[in-house]
Structure formats: structure tokens, C-alpha cells
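Here's the structure, in C-alpha cells; my notes come after.
We did not get these values from a lab; they are worked out from the coordinates using the rules stated. It should be emphasised that the depicted structure is a prediction, and the values quoted were computed from it without experimental measurement. FYI the Cβ positions are ideal-geometry reconstructions off the backbone, even for glycines, and counts take in every protein chain you see.
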Ligand code: ASP
């Protein structure tokens, strides 16, 4: 990292270990942007997710956000939950038993007064959901691939699922999608995941401009 920083203005670091970006930042003078540290966090994704919600729904305050899929290893939901906590969100966590949101994160948000609910049944919360945030099961994090096989197809969003969702809501995914959302759903105007990619471009441009003192 010390060698790299001699060559560049900003380091954007994606690393398999949780906490790697924070460690790097202790040793470098140049700005470090965490682009995903293992199962830890993905802060720029959370920023673009928030921007997507604001663009799509016109507000950020007081939303009910349902996070679905791999909440244990999915780093994007860890960062997004923390960010949404600043905006009075109610958070629903829907996942297979073995992929629950980390207890430490639930405790952290509980202490900040965030209403949170855990379960395995999407239908129980779908009707009250403003944002449905779907994640892929993170195959690369499993020590035992049999466990992965048991949960990989646990949830699939289909056009039928969407017919039971509120008319005014947004369906998001950090991508890549590996079958959690049927491609037929792509035609649904509530499916925002490809627009989400473009919002990400602008948010990351803005972040770079800020970090480089050009904003
Ligand atoms: N692209 C996201 C990430 O880097 C989500 C994923 O890989 O499932 O965490």
C-alpha cells in the first residue's frame, strides 16, 4: 500500500479481508476508498443505494426497507442498514436461518433505536415494503458448498411476487444477480437495479471529486 500510494492520488481498495481498508488507511497518507472488504462493508454501494432510493421514491425519511437473501455474508446490506439508520428507516431482514444478519449489527442498530424485524417469510412483510433490497447468496464465502446448495435458491422474485408488492415501491439489487430475480421482472417499472448501476456512476464521480478537492 505504501508503494502504491506513491503513484496515485486515491486508492480504491477491494480486499477479501474484513477491516482491510481501515488497516490500509492507518498506513497511507492518500485517501483510501473501501470498495468492499470481505464480508464487512461496501460503503460506496450504500451511498449509491441511498441515492437510488431518493431518486426513485422522492424521499429517504421513514421508509420500510426489506433486505432479502444473504444478510450474513452480503457486505452491501451491512453498510446500507447502518446508513438507513440515519433516516428513521424500519428494517425487515428476510433470510434463510443460516444467513441471518449478524447479531452484532442488529444490536448496534437497536442501541440507535432502529426498529428491526427478522424472519424467513417474505410474504409477511412484502405488503408494507417501500424498498425490497435483494442480494445474492455469496457462494465464495461458504466453507462447505453443501450448505450453499441448501440455500442458493431459497428466494426468487418473480412477476407473481411483484403482483403482491405495493404499486409504489422499488426493487433493488447490488448485482450480480444469480437467479434471485427472474428476468421477466426486469420489465416491471419498479425494478430499479439497472438504473441503480447508473446512479452509482454519478455517486462515485461525486465522491472522487470530493476526495480530490474538486467539488
Ligand atoms: N457487487 C456487490 C459486492 O461487491 C454484491 C455482490 O457481489 O453480491 O458486494
Discussion item. Springs between alpha-carbon pairs under 10 angstrom, Gaussian network model over the chain: which of 56, 118, 160 fluctuates most?
Written reply: 160
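As an exercise, take the mean of 1/r over every pair of distinct alpha carbons in the chain, invert it, and state the Kirkwood radius in angstroms.
Working: mean 1/r = 0.0554 Å⁻¹.
For the chain, the Kirkwood estimate is 18.1 Å.
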Worksheet entry | Theoretical gain in end-to-end length, residue 182 to residue 7 [0.36 nm per residue, Cα-Cα removed] | 58.6 nm
Worksheet, complete the sentence: Relative to the chain, whose Cα atoms define the longest principal axis, helix 43-57 and its Cα axis are tilted in degrees, nearest 10, by 50
Worksheet item: Summing -39500 (n - 2.57) over the DSSP H runs of n ≥ 4 in the chain and dividing by its residue number, what mean residue ellipticity at 222 nm do you reach, to the nearest 500 deg cm²/dmol?
Response: -10500 deg cm²/dmol
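From the square roots a ≥ b ≥ c of the eigenvalues of the alpha-carbon gyration tensor of the range 91-186, which class results: rounded (a/c under 1.5), prolate (a/b over b/c), or oblate? List each step's numbers first, then the result.
Numbers: a/c = 1.95, a/b = 1.03, b/c = 1.89.
Here the range 91-186 falls in the oblate category.
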Item to complete: Return one number: the angle in degrees, 0 to 90 and rounded to the nearest 10, between the long axis of the Cα atoms of helix 193-211 and the longest principal axis of the Cα atoms of the chain.
Response: 20
Worksheet item: Most mobile of 30, 72, 90 per a Gaussian network model of the chain (Cα springs, under 10 Å)?
Response: 30
Worksheet item: Who wins for biggest fluctuation among 82, 141, 152 in a Gaussian network model of the chain, springs between alpha carbons below 10 Å?
Response: 141
Practice prompt. Could I have the simple spin-label model distance between residue 104 and residue 158, label points 7 Å from Cα toward Cβ, reported in nm to one decimal?
Written response: 3.9
Item to complete: Using the number of other C-beta atoms within 10 angstrom as an exposure proxy, rank 49, 147 with the fewest first.
Response: 147, 49
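Using only the Cα atoms of the range 12-96, build the gyration tensor, take square roots of its eigenvalues as a ≥ b ≥ c, and label the shape rounded, prolate or oblate: rounded if a/c is under 1.5, else prolate if a/b is larger than b/c, else oblate. If you can, show how the numbers build up before the last one.
Details: a/c = 2.75, a/b = 1.60, b/c = 1.72.
It is oblate, given that a/c is not under 1.5 and a/b is not larger than b/c.
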